[in-house]
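To keep things clear, I will list the structure first and then write my remarks on it.
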Amino acid sequence: MHELGLTQSILDIAIEHANRNKASKILKINVRAGRMIALVDESMQFFFKYLTGGTIAEGADLVIEHIPIRIYCLACGVNSEVSEFEIYSCPKCGGSEVEIVSGREFFVDSIEIE
Amino acid sequence: MDIKVLQNILAANENLARENAKLFKDNGIFVINLMASPGSGKTSFILKTAERLGNKYNMAVIEGDIASKIDSEKIKAHGIQSVQINTGGACHLEANMIKKAINHFDLEAINLLMIENVGNLVCPSDFNLGESARVVILSVPEGDDKPYKYPSIFRDCSVLIVNKVDMIGLSDFSIDRLKVAVYKLNPDVNIIPLSCRTGEGFDVWIAWLEENLEYCR
């Protein structure tokens, strides 16, 4: 993934919403990222510190919540948490007809401002 | 104070990709986003496809490389209209690059647009271009374990071309082992073994392509 560009996008979204709400400072940015997005947290934090310098988000916390990959099995009706290589194999019954319930999300959920 | 945002981080590229897709649909164009490692045979695949389709369909090609016009010149030398995108450093194509490139074509006159992405098994899969289908090429010398190492690109494609099957006897590449790996990620993918050099296996690919071209018209 492209952590520098993604971090910039996150920052742009946060600053846009902060400005709309006439904030003087961003204290925290909450991001939700599904496990299928495969983010490298360390890189995100590194680039975040670098990019926020001199902006209203300087010193803010970037909090990334990783959402597990969950499938719903159409054969047995069970929801399961799986790895990306197990998506099409229900852990309960082995069925391959599944719906991906979570794991593909990637959005800025909220920001804390003052 | 907490402010709810709920904004998709990849929205910028997704929105442009949707705009591209609408433009292609309105003009009845079937668009392929062709992805693979460098040297796996993307350009050869495009040329062989054009040769097999003959004059039945009007084809255009967008070539993506970091630098050089080698590929687009090769395509043009075979009488196929082509535009070269040089990313200057980006390791993948993005929707805004395609949006600019298609200005060079008369879209009403095109049936098939093949986009040869930058040679890379990692990044291209993260960026929708507005394509109708994603086709990945894996060549025999690369080995049959690549889906385990690069899951994303193998998960999100409609067709997996296994190129250079004429070289199978020269390595321990196994199509059966490859299928086990890919079907875990992508149970509905269409796996087509072929050789751009000898032409074997091309009938299956052309049949799939023509079915989709007719549907798009």
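The values are calculated or read from the model by the stated rules, or taken from the named source; none is laboratory data. None of these values were measured; they are calculated from a predicted model. Note that each Cβ is placed from the backbone with ideal geometry, even for glycine, and that neighbours are counted across all protein chains shown. Heavy atoms of the whole protein, side chains included, go into the accessibility calculation; ligands, DNA and RNA do not. Shrake-Rupley method; radii C 1.70, N 1.55, O 1.52, S 1.80 Å.
List of remarks:
- Directionally averaged shadow of chain A, computed from the convex hull of its alpha-carbon atoms, nm²: 7.8 nm²
- Dipole of the range B:1-53, positive end: most advanced residue of B:L53, B:I3, B:N33 [Cβ charges, Cα centre]: B:L53
- Dipole magnitude (debye, nearest 20) for chain A, charges at Cβ of Lys, Arg, Asp, Glu: 200 debye
- Note on the protein assembly as shown: the alpha carbon radius of gyration divided by the globular reference 2.2 N^0.38 Å gives 1.09.
- Of B:P147, B:L194, B:I98, farthest towards positive along the dipole that unit charges on Lys, Arg, Asp, Glu beta carbons give chain B: B:I98
- Loop trypsin sites (Lys or Arg not before Pro), the range A:1-97 (other Cβ atoms within 10 Å of the site Cβ: 16 or fewer; DSSP): A:K22, A:K25, A:K92
- Helix-only CD estimate at 222 nm, as mean residue ellipticity for chain B, using -39500 (n - 2.57) per DSSP H run (n ≥ 4): -10500 deg cm²/dmol
- Among B:K100, B:K146, B:K69, residue whose mean-square fluctuation peaks in a GNM of chain B (springs only between Cα atoms under 10 Å): B:K100
- Residue among B:I175, B:A67, A:A23 farthest towards the positive dipole end of the protein assembly as shown, charges placed on Cβ: B:A67
- With both residues required to sit in the protein assembly as shown, DSSP beta bridges show an antiparallel share near 35%.
- For A:R32, net neighbour charge (Lys/Arg +1, Asp/Glu -1) across residues whose Cβ lies under 14 Å away: +1
- Solvent exposure of the protein assembly as shown as accessible area per residue, Å², 1.4 Å probe: 47 Å²
- The charge dipole of the protein assembly as shown, taken about its Cα centre with unit charges on the Cβ of Lys, Arg, Asp and Glu (plus for the first two, minus for the last two), comes to roughly 320 debye.
- Counting only DSSP beta bridges whose two residues both lie in the range A:1-100, roughly 50 percent are antiparallel.
- Using θ = phi - 60° and Karplus 6.51 cos²θ - 1.76 cosθ + 1.60, couplings along the range A:17-24 (whole Hz; Gly, Pro as x): 6, 5, 5, 4, 9, 6, 7, 9
- Distant-in-sequence amide H partners of B:I85 (H built 1.01 Å from N, under 5 Å): B:E63, B:G64, B:D65
- For chain A, the relative contact order is 35 percent, taking Cα pairs closer than 8 Å that sit 6 or more residues apart in sequence and dividing their mean separation by the residue count.
- Assuming charge only on the beta carbon of Lys and Arg (+1) and of Asp and Glu (-1), the dipole of chain B about its Cα centre is about 120 debye to the nearest 20.
- The mean number of Cβ atoms from other chains found within 10 Å of a Cβ in peptide B:6-14 is 6, as a whole number.
- Using θ = phi - 60° and Karplus 6.51 cos²θ - 1.76 cosθ + 1.60, couplings along the range B:121-133 (whole Hz; Gly, Pro as x): 8, 9, 6, x, 5, 7, 10, 5, 10, x, 6, 7, 8
- Residues in the range A:74-109 that, when all protein chains are in place, have 20 Å² or more less accessible area than the chain alone would give (probe 1.4 Å): A:E84, A:F85, A:Y88, A:R104, A:F106, A:F107, A:V108, A:D109
- Built amide H within the under 5 Å cut-off of A:E105, gap 5+: A:G34
- The contact between chain A and chain B removes approximately 2300 Å² from the accessible area (both sides summed; 1.4 Å probe; ligands, DNA and RNA excluded).
- GNM result for chain B, Cα springs below 10 Å: residue of B:K179, B:K22, B:K149 fluctuating most strongly: B:K149
- Shown here for the range A:1-65: GluC sites (Glu not before Pro) in loop regions (DSSP other than H, G, I, E, B) with at most 16 other Cβ atoms within 10 Å, namely A:E58.
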